[in-house]
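Since the structure comes first, as C-alpha cells, the remarks are kept for the end.
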Amino acid sequence: MFQGKEVSVRLSEEADMVYQELNEIVGKEKLKGIDSSFHQTLLRSINRVRDLLKQNPFAGDQVSKRQIPPRYIQKFDVDNAWRIELADRWRLVYTITGNQIEIITFVMDIFDHRDYDKVFGYKH
C-alpha cells in the first residue's frame, strides 16, 4: 500500500525476458553449487528494487520529460519515466500509472549501463 492504494509492479515483455533469463541462470548456478555470482547479485538487486517499488513507487530518480526516449513514448505511451540503479551499474527503467484504486509501476527495461546510455542517447 502507498498512500492508501494497492501497488503492483508489472514487467514489460523485454524486462520479463531479462528477469526470467536471470532466474534460469541463477537456478543452474545453484544446482552446480555456486553460491555467489554476478547473476545472483543482480537478481537479488532486482528483487529488492521490486519490493522497494511496492512500498514507494517514487523511489527512483525521475527522468525529465524531454529526456524520455521516444521508444518508450511510442511503445508504451508514457508521459513519465523513472530510473533506479541496480547492482553492477545496471538500471531499471519504469513508469507509474494508476487510478483511484491502485498504482501500477510498469518496468519497461532492465539493462546494463552501456545499453542504458544507448537508449537515453548519452555519449562517452
How far is it, in nm, from the label point at L31 to the one at S64 when both lie 7 Å from their Cα along the line to the Cβ?
4.9 nm
Please report Rg (one decimal) and Dmax (integer) in Å for the Cα set of the stretch 51-105.
11.7, 36
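Under a Cβ-Cβ cut-off of 15 Å, what is the net charge of the residues other than K75 that fall near it, where Lys and Arg count +1 and Asp and Glu count -1?
On the way: positive: R10, R71; negative: E13, E14, D16, D77, D79, D109.
Charge balance in the 15 Å sphere: -4.
Indicate, rounded to the nearest 5 percent, the antiparallel portion of the DSSP beta bridges found entirely in the chain.
Working: 16 of 22 bridges.
Here the share of antiparallel DSSP bridges comes out near 75 percent.
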Report the relative contact order of the chain, percent, no decimals, based on alpha-carbon pairs under 8 angstrom and at least 6 residues apart.
32 percent
From the phi angles alone, apply the Karplus equation (6.51, -1.76, 1.60; θ = phi - 60°) to the stretch 109-118 and give each ³J(HN,Hα) in whole Hz, x where the residue is Gly or Pro.
8, 10, 7, 6, 5, 4, 5, 4, 4, 4
Mind pulling up the Rg/Rh value for the stretch 1-72? Radius of gyration and Kirkwood radius, both on Cα.
1.07
Shape parameters for the chain, alpha-carbon atoms, Rg then Dmax in Å
15.2, 47
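Bear in mind these aren't lab numbers, they're just calculated from the coordinates by the rules spelled out. Here the structure is a predicted model, which is why all the values come from computation and not from measurement. Note that we place each Cβ from the backbone using ideal geometry, even for glycine, and neighbour counts take in every protein chain shown.
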